[in-house]
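The values are calculated or read from the model by the stated rules, or taken from the named source; none is laboratory data. Worth saying up front: this structure is predicted, and the values here are computed from it rather than measured. Here the Cβ is made from the backbone with ideal geometry for all residues, glycine too, and neighbour counts use every protein chain on show. For the accessible areas, the whole protein counts, side chains as well, though only heavy atoms, and no ligand, DNA or RNA atoms are used. Shrake-Rupley method; radii C 1.70, N 1.55, O 1.52, S 1.80 Å.
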Amino acid sequence: MSKNVQRAKFGSKIGVVLATVGCAVGLGNIWRFPYMLGSNGGAAFLLVYILCILFLGIPVMITEFSIGRHTHKNAAGAFKEMAPGTLWPLLGYNGVLAAFLILGFYSVVSGWTLEYIVQAFTGSLQGKSVTDFATEFEQFSTNPYRPIFWTLLFIAMTHIIIICGVEKGIERASKVMMPLLFFILIVLGIRSVTLDGALDGLKFLFKPDFSKINSSVVLSAMGQAFFSLSIGMGCLITYASYFNKETNLQKTALQVTVLDTFVAVMAGVMIFPAAFSFGITPTAGPELVFITLPNVFGHMPVGWLWSFIFFVLLALAALTSTISLHEVATAYVHEELHFSRKKAAWLVSAGVTVLAILSSLSIGVLREYTIFGLNFFDALDFLTAKIMMPFGGMLVCIFISQRVERSVWVDEITNYGTIRFYFLRTYLFFVKYLAPIAIGLIFLNELGLIELLGKVFK
Ligand code: TRP
């Protein structure tokens, strides 16, 4: 089949960056990052997280970009083309499945943002105490109907944009939303650090206590890095398949990583000083953002308006990410299973709806049903972020360095020799040795195997 024919592309340079930033920046930065950091020892987590971004994130991202643009295919199709008749396409299926599972819980949290938009608008976030917010969140998220209603609405919004296609839907939406989001984060960050007692929050976020670092913190930080950058499951392969031949892959990877990390750190600056100032424990878990921020808004002039704008933007950031996840699965069903794009999108949305209803209920009425001690929602999160994505990242590095001819990826990364390959040797060292070995060790360690070996050889 000839490449490039009838295949969509992003229309402009800035569109490429913003759509990819839109994919990377989302609830992972503003909702997941602060609560992961809060429950994994604060600044020590941040440090390990940044190391993971630099040493694993950037190389894996460049690798995914090069595979995607080289083949102009979906996650599974790309491996089929580059390594036909082998087991490598399984790596693509791992990605498509991961996208689907992530959407299953991500849409639920996205749905929560819609509830908060309405509450902000109607003024019901004003004039309440810290405990009121906590109880109300608990009541809302465990309710069997309300969150599901919002989640379904969110899936429907994602579905519509996906049907509108790559350029008109994804690119246009991202161009407007992303810059606005940056602006509001900065305003809220400033507000939060000027609250009484903010300093303790900043210390929690930036002053590492190295004794807090253990294997589970490292695994969580690595999982968060993969989740936040949307790497390790073919999402960026799919996005890069819409890049054009002028797109500079190294530069795009750097821009996306810097912006994504900036948003995560700003979310930390916005949450922790405020949490400490209002006496909310940073280990609160998934509800951290939803109980801390309303307190900040409650103490601002025209707080309802700020909270309204904030939750609208959070919902939009979530939307550019759910779109990217949906796109991974839809592109696969459309291109590999030969459904029309519309039918493919319907199929994915229907499947996600089932998963999302189950994850939403698993926080409330179905909370007794657990998988390895985790409810369905947490189990989906754990399986994807801490297992499937790092595993995918490790294998994609092995794939490019062992299986693909060097000239292929060098050509791709240098746009056929027209731009310089900065750090070629470093990149090669990272994808060939550092990333696979580091990820492998973190896995072994988490499984307790290293400790076991230590005992055996003592
Ligand atoms: N990175 C997004 C976030 O931080 C979530 C996301 C979008 C994602 N696409 C992905 C996560 C692909 C993993 C894989 O919110």
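In the stretch 67-102, which residue that is among the aliphatic types (A, V, I, L, M) and within 13 Å of the ligand (Cβ to nearest atom) is farthest from the chain's Cα centre (by Cα)? Lay out the reasoning, then the answer.
First, the residues of the stretch 67-102 that are among the aliphatic types (A, V, I, L, M): 67, 75-76, 78, 82-83, 87, 90-91, 96-99, 101-102.
Restricting the remaining residues to those that are within 13 Å of the ligand (Cβ to nearest atom) gives 75, 96-99, 101-102.
Working: ALA75: 17, VAL96: 15, LEU97: 15, ALA98: 12, ALA99: 10, LEU101: 13, ILE102: 9 Å.
Checking each candidate, the answer is ALA75.
If only one of VAL118, VAL108 is at pLDDT 95 or above and more than 21 Å from the chain's Cα centre (by Cα), which one is it?
Values: VAL108 fails: more than 21 Å from the chain's Cα centre (by Cα).
The unique qualifying residue is VAL118.
Looking at this structure, is ASN248 open to solvent by 40 Å² or more (accessible area, probe 1.4 Å), of a type in the set (S, T, N, Q) and away from the ligand (no atom under 13 Å from the Cβ)? Outline the logic, then answer.
Details: open to solvent by 40 Å² or more (accessible area, probe 1.4 Å): yes; of a type in the set (S, T, N, Q): yes; away from the ligand (no atom under 13 Å from the Cβ): yes.
So ASN248 fits the description; yes.
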Going through the stretch 226-236 one residue at a time, which ones are part of a helix (DSSP H, G or I), open to solvent by less than 10 Å² (accessible area, probe 1.4 Å) and out of contact with any Phe, Trp or Tyr (no Cβ under 8 Å at 6 or more places or on another chain)?
-> PHE226, LEU229, CYS235
Quick count over the stretch 79-107, residues being open to solvent by 10 Å² or more (accessible area, probe 1.4 Å) and either assigned to a loop (DSSP other than H, G, I, E, B) or among the polar types (S, T, N, Q) (or both), is 6
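Yes/no matrix, rows are residues, columns are (1) assigned to a helix (DSSP H, G or I); (2) open to solvent by less than 10 Å² (accessible area, probe 1.4 Å):
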residue: VAL109; (1), (2): yes, yes
residue: TRP112; (1), (2): yes, yes
residue: GLY123; (1), (2): no, no
residue: ALA134; (1), (2): yes, no
residue: PRO147; (1), (2): yes, yes
residue: PHE154; (1), (2): yes, yes
residue: ILE160; (1), (2): yes, no
Do we have any residue at all in the stretch 18-32 that's surrounded by fewer than 24 Cβ atoms within 10 Å (Cβ to Cβ) and either more than 12 Å from the ligand (Cβ to nearest atom) or over 18 Å from the mean Cα position of the chain (by Cα) (or both)?
-> no
List the number of the failed condition for GLY41; all other conditions in (1) open to solvent by less than 10 Å² (accessible area, probe 1.4 Å); (2) at pLDDT below 95 hold.
-> (1)
May I ask you to say which residue of VAL408, VAL404, VAL396 is touching a helix residue (DSSP H, G or I) at 6+ places or on another chain (Cβ under 8 Å), within 16 Å of the ligand (Cβ to nearest atom) and in contact (Cβ under 8 Å) with a residue 24 or more places away in the chain?
-> VAL396
Within the stretch 347-390, restricting attention to residues that are within 16 Å of the chain's Cα centre (by Cα) and of a type in the set (Phe, Trp, Tyr), which residue is nearest to LEU229 (Cα to Cα)?
-> PHE382
Do any residues in the stretch 134-145 that are over 14 Å from VAL109 (Cα atoms) have Cβ atoms under 8 Å from those of residues that are surrounded by fewer than 17 Cβ atoms within 10 Å (Cβ to Cβ), where the two are at least six apart or on different chains, and which pairs are they?
-> GLU136/LYS128; PRO144/VAL365
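Here is a yes/no grid of residues against (1) away from the ligand (no atom under 16 Å from the Cβ); (2) assigned to a helix (DSSP H, G or I); (3) within 17 Å of the chain's Cα centre (by Cα):
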site	(1), (2), (3)
LEU195	yes, no, no
LEU199	yes, yes, no
LEU205	yes, yes, no
SER216	yes, yes, no
GLN224	no, yes, yes
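Give VAL333, VAL258, VAL265 a once-over and let me know the one that is within 14 Å of the ligand (Cβ to nearest atom), surrounded by fewer than 24 Cβ atoms within 10 Å (Cβ to Cβ) and aliphatic (A, V, I, L, M).
Numbers: VAL333 fails: within 14 Å of the ligand (Cβ to nearest atom); VAL258 fails: within 14 Å of the ligand (Cβ to nearest atom).
The conditions single out VAL265.
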ASN29, sole failed condition from (1) assigned to a helix (DSSP H, G or I); (2) under 16 Å from GLY392 (Cβ atoms) | (2)
For the stretch 176-221, what are the residues that are over 23 Å from GLY41 (Cβ atoms), touching a residue at least 24 places away in the same chain (Cβ under 8 Å) and aromatic (Phe, Trp, Tyr)?
-> PHE182
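For the structure I just gave you, tell me whether ILE53 is in contact with a Leu (Cβ under 8 Å, 6 or more places away or on another chain), in a helix (DSSP H, G or I), of a type in the set (Val, Ile, Thr) and in contact (Cβ under 8 Å) with a residue 60 or more places away in the chain. Show your work before the answer.
Numbers: in contact with a Leu (Cβ under 8 Å, 6 or more places away or on another chain): yes; in a helix (DSSP H, G or I): yes; of a type in the set (Val, Ile, Thr): yes; in contact (Cβ under 8 Å) with a residue 60 or more places away in the chain: yes.
When the stated conditions are applied, ILE53 passes them.
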Among the residues of the stretch 288-315, count how many are within 12 Å of GLN126 (Cβ to Cβ) and polar (S, T, N, Q).
-> 2
Based on what the data block shows, is PRO273 at negative phi, away from the ligand (no atom under 16 Å from the Cβ) and surrounded by fewer than 23 Cβ atoms within 10 Å (Cβ to Cβ)?
-> no
